[in-house]
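Participant: Take a look at the following structure, please.
The values are calculated or read from the model by the stated rules, or taken from the named source; none is laboratory data. Just so you know, these numbers come straight off a predicted model, no measurement behind them. For neighbour counting, all protein chains shown are included, and Cβ atoms are generated from backbone atoms with ideal geometry for every residue, glycine included. SASA here: full protein model, heavy atoms, side chains in, ligands and nucleic acids out. Shrake-Rupley method; radii C 1.70, N 1.55, O 1.52, S 1.80 Å.
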Amino acid sequence: MKNKRILFLSALCALMVGIYACKKNVSTSPQETETKSDISANVLAQIKDLGFSTENARVVDGGYLVEGDILLTQANLSEKADNTALSIAETEQYRTTNTVKNLPRVITVSVTNLPTVYSNAVNEMITRYNSLGLRITFQRAAAGTTGNINVIGFNEGPSGGFITLGSAGFPTSSGQPFNQIKMNTNAAAYGSNPNLLYLASVIQHEVGHCIGLRHTDYMNRAFSCGSAGAGNEGQSTVGAIQIPGTPSTPDAASFMLACSNGGNRTFNANDKIALDYLY
């Protein structure tokens, strides 16, 4: 990867050179720059009320992309949830109000119209999650069928100084995992020969969102993203619930950091505590 800083949705270590788990810095022309000016003030207020940053929020197919790699649908914006367990973001692992229900269960994953390396990366992601012994397990959907989570591609070049690497949403109020992960096939995202373990790490991160995990450094993305991601998003009506047993100090190796270092990153000890608590 080139020298870049990426907002990951989700994780860049506090490094001078890195990658947003969902985004990375690239050179761009003024014509490529996108702002949130095409999003109504009402929608921006809804995004903020849910506890998400409105910085660099933009309209995408299916809803609004926030924090680099999180897709908020119109249904998400309209949902009201119980906030009795909500805590002001500090530095622990965080989950969304909605999580996957009807446990134990198998979540099937399909891959649609992507190169083989993406399919292999999904297999690696499945192996990583299934090694944890959780009450949710993952398996590839039967050939020709669409899984509970479908990994698809999109081709989008740099915009506003960044390029989106991947995106996903959060579980539904009925307890279903978010049903789609989008991975960028543009050469500026992963290069002409994508690294399998890096792809698996990004997909692993996006699956974390699909089952209800927020970014570990939700309280201040400057920890993993540098000054470009600084800021505590503060308390909201819904969306960031601290997971008991996770640390109250920065956790540099978490797979759910907002920005990634552009390499292979899997679960650390505290990620396993968080996932074991939930599932």
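Participant: Does any residue of the stretch 163-180 turn out to be within 25 Å of Asn261 (Cβ to Cβ) and open to solvent by 30 Å² or more (accessible area, probe 1.4 Å)?
Facilitator: no
Participant: Let me ask something additional. If we scan the stretch 112-129, do we find a residue that is in a strand (DSSP E or B) and closer than 21 Å to Gly212 by Cα? Before the answer, list the steps.
Facilitator: Here is the first cut: in the stretch 112-129, the ones in a strand (DSSP E or B) are 112.
Right, trim to closer than 21 Å to Gly212 by Cα and you get none.
No, the stretch 112-129 contains no residue that is in a strand (DSSP E or B) and closer than 21 Å to Gly212 by Cα.
Participant: Condition (residue is open to solvent by 20 Å² or more (accessible area, probe 1.4 Å), under 17 Å from Val207 (Cβ atoms) and modelled with pLDDT of 85 or more) applied to the stretch 82-95: is it met by at least one residue? Working first, answer last.
Facilitator: Step one: list which residues in the stretch 82-95 are open to solvent by 20 Å² or more (accessible area, probe 1.4 Å), which gives 82-88, 90, 95.
Adding the requirement that they be under 17 Å from Val207 (Cβ atoms) leaves 95.
Checking the rest, the ones that are also modelled with pLDDT of 85 or more come to none.
No, there is no match, as no residue in the stretch 82-95 is open to solvent by 20 Å² or more (accessible area, probe 1.4 Å), under 17 Å from Val207 (Cβ atoms) and modelled with pLDDT of 85 or more.
Participant: Would you check which residues across the stretch 111-126 are under 17 Å from Ser201 (Cα atoms) and in contact with a strand residue (DSSP E or B) (Cβ under 9 Å, 6 or more places away or on another chain) and list them? Don't jump to the end; show me each part of the working.
Facilitator: At the first step, the residues of the stretch 111-126 found to be under 17 Å from Ser201 (Cα atoms) are 111, 114-126.
Residues satisfying the conditions are Val111, Leu114, Pro115, Tyr118, Ser119, Ala121, Val122, Asn123, Met125, Ile126.
Participant: Within the stretch 241-279, take every residue that is within 14 Å of the chain's Cα centre (by Cα) and open to solvent by less than 10 Å² (accessible area, probe 1.4 Å) and give me the one that is modelled with the highest pLDDT.
Facilitator: Phe255
Participant: Name the one entry in Asn3, Asn42, Asn56 that is modelled with pLDDT of 55 or more, in a loop (DSSP other than H, G, I, E, B) and open to solvent by 50 Å² or more (accessible area, probe 1.4 Å). So that I can check it myself, show each step before the final result.
Facilitator: Details: Asn3 fails: modelled with pLDDT of 55 or more; Asn42 fails: in a loop (DSSP other than H, G, I, E, B).
Just a single option satisfies the conditions, and that option is Asn56.
Participant: I'd like to check something: does the stretch 157-167 contain any residue that is aliphatic (A, V, I, L, M) and within 22 Å of Ile107 (Cα to Cα)?
Facilitator: Checked against the condition, which is being aliphatic (A, V, I, L, M) and within 22 Å of Ile107 (Cα to Cα), the stretch 157-167 yields no hits at all.
Participant: Taking the conditions exactly as written (modelled with pLDDT under 70, within 20 Å of Gly166 (Cα to Cα) and of a type in the set (S, T, N, Q)), does Ser227 satisfy them or not?
Facilitator: So Ser227 does not fit the description; no.
Participant: Against the condition assigned to a loop (DSSP other than H, G, I, E, B), modelled with pLDDT of 80 or more and open to solvent by less than 30 Å² (accessible area, probe 1.4 Å), how does Val100 come out, does it pass? Show your work before the answer.
Facilitator: On the way: assigned to a loop (DSSP other than H, G, I, E, B): yes; modelled with pLDDT of 80 or more: yes; open to solvent by less than 30 Å² (accessible area, probe 1.4 Å): yes.
Criteria met by Val100.
Here is a yes/no grid of residues against (1) at pLDDT below 95; (2) of a type in the set (Val, Ile, Thr); (3) farther than 21 Å from Asn184 by Cα; (4) open to solvent by 50 Å² or more (accessible area, probe 1.4 Å):
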{"residue": "Thr108", "(1), (2), (3), (4)": "no, yes, yes, no"}
{"residue": "Pro115", "(1), (2), (3), (4)": "no, no, no, yes"}
{"residue": "Asn123", "(1), (2), (3), (4)": "no, no, no, yes"}
{"residue": "Thr127", "(1), (2), (3), (4)": "no, yes, yes, yes"}
